[in-house]
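Participant: Please read through the structure below; I'll follow up with questions.
Coordinate-derived values only; no laboratory data. Model, not experiment: these values are computed from the prediction. Neighbour counts run over all protein chains shown; Cβ positions are idealised from the backbone, glycine included.
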Amino acid sequence: MLIGGIRLAIIASKTETGWESISLRWQYASLGLLGLGHTPIDTLEPSAQADILLGEVERVMRENPETAELCIGGAVVLDSPGTRFMSNHLKQAGFAPFPALTVDYDAVAAASLQFEVKCRARCLALAQRATELDPTDVRWWRIRALLQFGEDVKPRNGAWIEVLDDCADHDPDNALYDYLAAQQFWAEGADHDLLYDDEWPEGKRRLIVKDAELFRQGIDRFERGQMKPYLAAGEHALEAVAHFLSLSQVSKADQAEQAEIATSRTVIGRPFSLIIGLREWQVVRADHARQAGDTSQQVALLRQNFRLFDQAIVPSETLALDTHILFDDLRHISYKTIVDVARENPASINPAELGVLTTKAKTLRTESKLIRRAFKKLESERNQRQKQGIFPRILAAVALASAVYLVMFAGVIALVGRLLKPQEAPRVRFGWSRHIIAWILGCGGTFVVVGMAPAQVISLEVQKFVIAAMVWGIALVIVGLAAWQVFRVLRRRKFQFSLLSLFAVMTGLAILCSMWPVIASVFSVLEAHPSERWLCAKGSSGIDAESLRIAMGVNKATWFWALLQWLLHYGPYAGLAVSLVLVAVWFAWRSSRKNAEGFFKYWTRDIRRRWQPLLTCVGTSAFIAAVCWLTVYVWTAPETVRATEDSFQYKMQYCRAPKQRWDAVQAARSELAACPEEMNWIREQVESEFDNLEP
């Protein structure tokens, strides 16, 4: 155990999250039983999150030199609450017999509003201060522009348009600021809905202009943005978030809490919401033109959507990669709409221009599929690495919990034994071989029942046979006991007739006669519903057993699957209890035999003197078992430390070094593009999608 502990300490000291990971797991295993373990910030209610994060922002800003990077990091942290608190706001939806739980979004919105009210002013002030400290870095202007709007895409600042114009002056080639203004002007000046009637059975979008001047300003801003070379959201500013969190006291190891805070702020997804919102408004305007019979205007507006997507994929940032993947289908829908218009009204678009659009659409569709395959390739490699160490991680968690529980149990037993204070306790020899046998039987028995059986290492036919044998065994035991009682009565009376002997014989016969219907009933149920007679395989975290098995690449009826089922059915903890019970019963039986007294008679007399050795034996067995489990833990915990570190670094990479993520995807893309079989498969898919779209 000492060597394993030294190895664990060396590995933990070489990682960023190692010691904190070990500390948190010890807290969960011990204090977690009392509800005193660490609580991740984003699981708290938004109001509590705001109080903690505001305090942390003030502490970090006070204790470190004021820089633009630090200010923008604090601003992003205060943008919105973490989302895991939503599990506290579930409500029942539907009615019996199909009830379901869903998120109470009204309650979530009300709770999130409290965070917004508390943090809005400080968030905007920090973003402004960042641009004042370093006005030449466009990253700060981009993130400041996005922070002008909250989760509901409503302005946080009454002077939002002036801020956007100021941002555009410092980043003139970026369409971001004009598009943000266009979206806001359209939201304030118009509305739209979907109507169905006889003329438009598939539904039509109705444009409702409430303020013509604001709506026109939105169009002007959108068209101005269309003239810019690219749409960049400034994701590189998220490096500032990582820098800020590195100076904070927010946990790194607890479910990668820092990574959750860094990547769960809604400002991260606001560029995607912007693209979706603008595309939706353009579709509404195009439908309005179609309803007015102006197909040329309809095509022109849809063509502007192509320009919007093209601008978003220009920058060398992951926004471009995500746009390729997330909005590929939306772009394809716009292309199909133009093809449909060309079929109905060939004069609405020049055939040569349509051919150019088709070629470009195929190229972008191919590129999108290639990037998606690259993402899947990288994710598959990561999942493979995670699966390789899953068993040691599970075993480490079980070993630590078992060791802690056994130590606490041994402590309680020792305390009770101390309180008994016998003057002279009887000595009963109970060698270590018996302890080992009891633990093997206890843990091994639970492994057979809740491990091998659910995993079908023991076939269903064998399980059925065992159940049948158990039924017959119980029946024979009952019959044997009845016959033994009859024999004792008859022997005591020397076979002389009496009412008592007659009653004993009749009772035995009644038991014998009643057993067969019971046995027949059990066997009929077993034959009709065999699957209800044994333990079924169990899943985890809401994933059913079969999906979990397939995802992990584990075959049925294997020892590894049996081990996982043993762990998922809490077999180790059942094994602890069963083993300790076996030790206690075995010791009690030997003690009563040594003193030539009946079992119950021996253990119900002179309790303080006789129970103290029993408690000592059980407590000692628990303590030695705890040492064994702790040894298992120190040898398996390094894999948990590595997995925690890998998860943390993977999630934080997007913030710390987004360019590395871009480079990794591009490298995987290039590797796939160099494979002729892969490219031919992708091109065949694309061509098949476009075969039926020729005008």
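Participant: First check a/c for segment 654-695, with a ≥ b ≥ c the square roots of the eigenvalues of its C-alpha gyration tensor; if it is under 1.5, answer rounded, and if not, answer prolate when a/b is larger than b/c or oblate otherwise.
Facilitator: Values: a/c = 5.94, a/b = 2.09, b/c = 2.83.
Since a/c reaches 1.5 but b/c is at least a/b, the shape of segment 654-695 is classed as oblate.
Participant: Based on the Cβ-Cβ distance from ASN88 to ASP191, what FRET efficiency comes out when R0 is 35 Å, to the nearest 0.05?
Facilitator: Details: r = 33 Å, r/R0 = 0.95.
Rounded to the nearest 0.05, the efficiency is 0.60.
Participant: Sticking with this structure for a sec: Sorting check: for 611-622, 679-690, which peptide has the highest mean count of neighbouring beta carbons within 10 Å, and how do the rest follow?
Facilitator: Working: 611-622: 20.5, 679-690: 13.8.
Ranked by mean Cβ neighbours within 10 Å, highest first: 611-622, 679-690.
Participant: On to the next question. Considering only Cα-Cα distances, which of the following residue pairs are longer than 21 Å: LYS376/LYS538; LYS336/LYS362; LYS376/LYS659; LYS14/LYS651? The partial results should precede the final answer.
Facilitator: On the way: LYS376/LYS538 28 Å; LYS336/LYS362 12 Å; LYS376/LYS659 19 Å; LYS14/LYS651 19 Å.
Distance filter (> 21 Å) returns LYS376/LYS538.
Participant: Could you run the Karplus curve 6.51 cos²θ - 1.76 cosθ + 1.60 with θ = phi - 60° over segment 130-138 and give me ³J(HN,Hα) per residue in whole Hz, x for Gly and Pro?
Facilitator: So the J values, rounded to whole Hz, are 4, 6, 6, 6, 9, x, 8, 8, 5.
Participant: Using a Förster distance of 35 Å, how high is the FRET efficiency between ALA292 and ALA109, based on the Cβ-Cβ distance and rounded to 0.05? It would help to have the intermediate numbers written out before the result.
Facilitator: Details: r = 37 Å, r/R0 = 1.06.
Result of the calculation: an efficiency of 0.40.
Participant: Considering only C-alpha atoms, what is the centroid distance from segment 136-175 to segment 628-695, in Å?
Facilitator: Segment 136-175 and segment 628-695 have Cα centres separated by 33 Å.
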